[in-house]
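Since the structure comes first, as C-alpha cells, the remarks are kept for the end.
The values are calculated or read from the model by the stated rules, or taken from the named source; none is laboratory data. All of these numbers come straight from a predicted model, not from anything done at the bench. For neighbour counting, all protein chains shown are included, and Cβ atoms are generated from backbone atoms with ideal geometry for every residue, glycine included. Protein only, heavy atoms only, side chains kept; ligands, DNA and RNA dropped before computing areas. Shrake-Rupley method; radii C 1.70, N 1.55, O 1.52, S 1.80 Å.
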Amino acid sequence: MEEAQNITNKLTQSVDNLLNELTKMREENQQLRQQIVLLKAENETKQAEISSLYDEITLKDRELENVLNKIQNALSH
C-alpha cells in the first residue's frame, strides 16, 4: 500500500511539474506574440520611411537631371 502511495505521489509531482512547465511556456508564447506585434509595427514604420526616402531620391534625381540639362544648354550656346 505504501508503494502505491509513493507511485501516486511521484505521478502527482510529475503532473504538477508538467503543468508548471506548460504555464511557463504559455507565458513565454504570449510574450513572443506581443514581441511579434511590436516588431510588425516597427517594420511597417521602417517600410514607410524607406518608401519616403525612395520618393525623395527620385525627386532629387529629377532635380539633378534638370540642373544637368540647364548646364548642357548653357554650354551649348
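In nm, to one decimal, how far is the Ala74 label point from the Glu56 one, both placed 7 Å along Cα→Cβ?
For the pair Ala74/Glu56, the computed spacing is 2.7 nm.
Helix-only estimate, please: 222 nm mean residue ellipticity of the chain, summing -39500 (n - 2.57) across DSSP H runs of length 4 or more and dividing by its residues, to the nearest 500.
Numbers: 1 runs with 75 residues, N = 77.
Only helices count here, giving -37000 deg cm²/dmol.
Once the Cα gyration tensor of the range 11-77 is found, what semi-axes does its equivalent ellipsoid get, as square roots of 5 times the eigenvalues, in whole Å, sorted largest first? If you can, show how the numbers build up before the last one.
Numbers: eigenvalues 809, 11, 3 Å².
The equivalent ellipsoid of the range 11-77 has semi-axes of 64, 7, 4 Å.
Applying the Karplus parametrisation 6.51 cos²θ - 1.76 cosθ + 1.60 with θ = phi - 60° to the phi angles of the range 64-77, what ³J(HN,Hα) value in whole Hz is obtained for each residue in order, glycine and proline being reported as x?
Each residue's phi maps through the Karplus curve to give 5, 4, 5, 5, 4, 4, 5, 5, 5, 5, 5, 6, 7, 8 Hz.
Rolling a 1.4 angstrom probe over the protein heavy atoms, how many square angstrom per residue are accessible across the range 34-77? Show your work: numbers first, answer last.
Numbers: 4280 Å² over 44 residues.
Here the per-residue accessible area is 97 Å².
Which listed residue (Gln13, Asn66, Leu32) has the Cα farthest towards the positive end of the charge dipole for the chain, taking +1 on Lys and Arg C-beta and -1 on Asp and Glu C-beta about the Cα centre?
It is Asn66.
With all protein chains present, how much of the accessible area of the chain (probe radius 1.4 Å) comes from carbon and sulfur, to the nearest whole percent? Intermediate results must be reported in sequence, preceding the final value.
On the way: 4230 of 7600 Å².
Of the solvent-accessible surface of the chain, carbon and sulfur hold 56 percent.
Report, in debye and to the nearest 20, how large the dipole of the chain comes out about its Cα centre when Lys and Arg carry +1 and Asp and Glu carry -1 on their Cβ. Walk me through the numbers before you get to the answer.
On the way: 9 positive and 14 negative charges, 54 e Å.
Roughly 260 debye, rounded to the nearest 20.
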